[in-house]
Amino acid sequence: MCGIFGYIGKREALPFILEGLKKLEYRGYDSAGVSTIQHGKIFLNKSCGKIARLEEVLEARPIGGSIGIGHTRWATHGKPSDENSHPHSDCSDQITVVHNGIIENYLELRRQLAEEGHKFTSATDTEVIAHLIEKYFKETGSLETAVRKTLNAIDGSYALGVISEHEPDKLIAARKGSPLLIGIEEDETFIASDISALIKYTSRVIYLNDYELAVITENDIVIKDRDGKTLKKNISFISWDPESAEKCGYTHFMLKEIHEQPNAIRKTIEGRISAESANIHFDELNLTEKEIKNINRVVFTACGTSWHAALVGEYLIEQMVKLPAEVEYAAEFRYRHPVIDDKTLVIAISQSGETADTLAAAWEAKSLGAKVISICNVVGSTLARDSHGVIYTQAGPEIGVASTKAFTTQLSVIYLLTLLLARTKGTLTGAEIKNYIHDLIELPGKIEQVLAREHEIEKIAQKYYLSNNALFLGRGKGFPIALEGALKLKEISYIHAEGYPAAEMKHGPIALIDQNMPVVVLAMTGKRYEKILGNIEEVKARGGQVIAIANEGDNYIQEKADEVFYLPKSPIAVSPILAVIPLQLLAYYIAVKRGCHIDQPRNLAKSVTVE
Ligand code: F6R
């Protein structure tokens, strides 16, 4: 949510900043801006709209300099407009600031500053930061001290980049509650909201922690804590391949990421399993056998698509580990006085590892004595660092705002973690675990078979893309997949879509069904197959259009449904991972045909770092 990129070095800053912002555009894309210092003077250009619009503005009014900051915005305070775009300046236009997060006490600060004579030009919370730095610089004559005093005065969350004519050789960065990384190369340093913007330039990064402030000059990086004490920080190495953040010939990141799923799952499971010994190992899980035996309940917490992955986990844990399992929306969990203790295993799932509500839920669970394990895609993310243990999905950077490969790799990790718990608790035999591992190993090949038939989905999309509504139905582990299919469709095509447990349809949603309502039914063979057929009959009897996702060899379903997409046969426990692929493709092709912005759907941001 909002992307920050900054550069300091020997070369022109602007091309780096623009390139970095493009990589971060998925975090927010309603406006963008840059500020640089050249020959000791601040320059600033910003505009409402995407980065392409900012580039046009910069072409007309170029700015130079080898130090600068940039921002791509997802509006919280103040509508998207030129004035509300970042960077924001002080009264004298000598200090510029980019900010990701929310300043909770900004109204009170703004009133005080206005009384002291400061003139505000935007409706944002961020602008108070520029004016506070101005005020404290006047008092102290030091940019670093002024920024530190400002941080002490504000409540809320921030990742910040600050430059100023007063000390034109410095870039100051700080964080509390919103991610910020420092990328290091010979003779140049970068700041960025996430790794994907840095991997083109460097593989060496420093993760800033909350309340840390970095003073960066061309030759030095000094990181200090909130009291101004210098800290020794470790440099981490990023293993992501720079190509992974490029489209590589695909029209959209989302399509590329859908196609990356077989290999992402292979990478996620490789090195962690042994089908021969039924052994499963996660390097950073940090749970002893004794601790696992002590667990008497599992609580998953997450948001959005990651929450859907958690729902599948609930079914798996109950079925295979025989433990009570629950799934909580992170935003509800954090405020609900949850009843958990040291026997509860809390599993927090987040692609980004920076989702504000999921972080708060994990902290709450920790404070109540639970063991917190996170499932994250981003190495070194806040959630990964703040959990007792972490399992990384190996999906590589996910740039498309609609989550695809993160979801299927999360499901793969949950599946393996479930087997590990079952093995330790003795609820599955070694032979059963071997079979389950084998099923997962086979899965990427089956996903490849589905992807090879994406033209079939495209044809279905052609028939239904003008619909205004859609219903997704599933039973058992198919229910969370119905929810995920509906979420994918609504977020990128703007078609109103709902996911329901198929049996619930009769309790209300059935009233919506008519000839204009496509109903996607997850109708894979299994224990509840007959019941699903019954639900299809109910839809057809009311004139609805049925798109069935079924198992190959099921000729019967053709007579019932208007469209059928066949999945290669697969065991029921891994079938959710396979069944979501055609739903991702359906959402994708419908959105393409409707002319939507696939990778950057309206109003959304990839990483929701505010409440
Ligand atoms: C939907 C989507 C969102 C995220 C949600 C949580 O396609 O991407 O619903 O799943 O914002 O994000 P993470 O997993 O980063 O915590």
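The values are calculated or read from the model by the stated rules, or taken from the named source; none is laboratory data. The structure displayed is predicted, hence computed values, not measured ones. Glycine gets a Cβ as well: all are built from the backbone with ideal geometry, and neighbour counts include every protein chain shown.
Only one of the numbered conditions (1) of a type outside the set (Ser, Thr, Tyr); (2) touching a Gly at 6+ places or on another chain (Cβ under 7 Å); (3) away from the ligand (no atom under 16 Å from the Cβ) is violated by HIS259, and that is (2). Screening GLU326, GLU314, GLU270 for residues that are away from the ligand (no atom under 16 Å from the Cβ) and under 20 Å from ILE572 (Cβ atoms) leaves exactly one candidate, GLU314. Here the condition is being touching a residue at least 24 places away in the same chain (Cβ under 8 Å) and in contact with a Lys or Arg (Cβ under 8 Å, 6 or more places away or on another chain); of HIS86, HIS77, HIS99, it holds for HIS86 alone.
Of all the helices (runs of 4 or more DSSP H) wholly in region 226-327, which have at least 2 residues that are of a type in the set (D, E, K, R)? Show your work before the answer.
Numbers: elements: 253-259, 261-269, 289-294, 304-316.
Output list reads 253-259, 261-269, 289-294.
Quick check on region 230-247: of everything there that is over 11 Å from ILE206 (Cα atoms) and more than 21 Å from the chain's Cα centre (by Cα), which residue is surrounded by the most Cβ atoms within 10 Å (Cβ to Cβ)? Show your work before the answer.
Filtering region 230-247 for residues over 11 Å from ILE206 (Cα atoms) gives 230-231, 239-247.
Add one more test, that the residue is more than 21 Å from the chain's Cα centre (by Cα), and what stays is 230-231.
Numbers: THR230: 10, LEU231: 12.
Checked region 230-247; the qualifying residue surrounded by the most Cβ atoms within 10 Å (Cβ to Cβ) is LEU231.
Of note, ALA548 does not satisfy the criterion of being farther than 15 Å from GLU458 by Cα, among the aliphatic types (A, V, I, L, M) and either surrounded by 18 or more Cβ atoms within 10 Å (Cβ to Cβ) or in contact (Cβ under 8 Å) with a residue 40 or more places away in the chain (or both).
Listed here are the residues, each with its yes/no results for (1) within 16 Å of the ligand (Cβ to nearest atom); (2) modelled with pLDDT under 95; (3) under 21 Å from ASP599 (Cα atoms).
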{"site": "GLU456", "(1), (2), (3)": "no, no, no"}
{"site": "LYS463", "(1), (2), (3)": "no, no, no"}
{"site": "LYS488", "(1), (2), (3)": "yes, no, yes"}
{"site": "GLY499", "(1), (2), (3)": "yes, no, no"}
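Every test in (1) basic (Lys, Arg); (2) crowded, with 19+ Cβ neighbours inside 10 Å; (3) at pLDDT 95 or above; (4) in contact with a helix residue (DSSP H, G or I) (Cβ under 6 Å, 6 or more places away or on another chain) is passed by ARG266 save one, and that test is (2). Selection of strands (runs of 3 or more DSSP E) fully inside region 336-428 by the criterion of at least 3 residues being within 13 Å of the ligand (Cβ to nearest atom) returns 344-350, 371-376.
Tell me whether region 469-477 contains one or more residues that are surrounded by 24 or more Cβ atoms within 10 Å (Cβ to Cβ), assigned to a helix (DSSP H, G or I) and in contact (Cβ under 8 Å) with a residue 24 or more places away in the chain.
Going through region 469-477, the residues surrounded by 24 or more Cβ atoms within 10 Å (Cβ to Cβ) turn out to be 470-474, 477.
Checking the rest, the ones that are also assigned to a helix (DSSP H, G or I) come to none.
No, region 469-477 contains no residue that is surrounded by 24 or more Cβ atoms within 10 Å (Cβ to Cβ), assigned to a helix (DSSP H, G or I) and in contact (Cβ under 8 Å) with a residue 24 or more places away in the chain.
Any chance region 430-451 includes a residue that's under 29 Å from LYS593 (Cα atoms) and of a type in the set (Ser, Thr, Tyr)? So that I can check it myself, show each step before the final result.
Let us first name the residues in region 430-451 that are under 29 Å from LYS593 (Cα atoms), namely 444-451.
Within this subset, residues satisfying the condition of being of a type in the set (Ser, Thr, Tyr) are none.
Within region 430-451, none of the residues are under 29 Å from LYS593 (Cα atoms) and of a type in the set (Ser, Thr, Tyr).
What are the residues in region 286-308 that are under 21 Å from the mean Cα position of the chain (by Cα) and over 25 Å from THR404 (Cβ atoms), if any? Give the derivation first.
Applying the first criterion (under 21 Å from the mean Cα position of the chain (by Cα)) to region 286-308 yields 299-308.
Passing the criteria: only VAL299.
Quick one: would you say VAL519 is more than 16 Å from the ligand (Cβ to nearest atom) and in contact with a Gly (Cβ under 8 Å, 6 or more places away or on another chain)? Spelling it out, VAL519 is indeed more than 16 Å from the ligand (Cβ to nearest atom) and in contact with a Gly (Cβ under 8 Å, 6 or more places away or on another chain).
Counting only residues that are within 25 Å of TYR315 (Cα to Cα) and assigned to a helix (DSSP H, G or I), region 552-584 holds 10 of them.
Selection within region 478-504: residues that are under 22 Å from GLY526 (Cα atoms) and touching a residue at least 40 places away in the same chain (Cβ under 8 Å). The member of this set that is surrounded by the fewest Cβ atoms within 10 Å (Cβ to Cβ) is LEU483.
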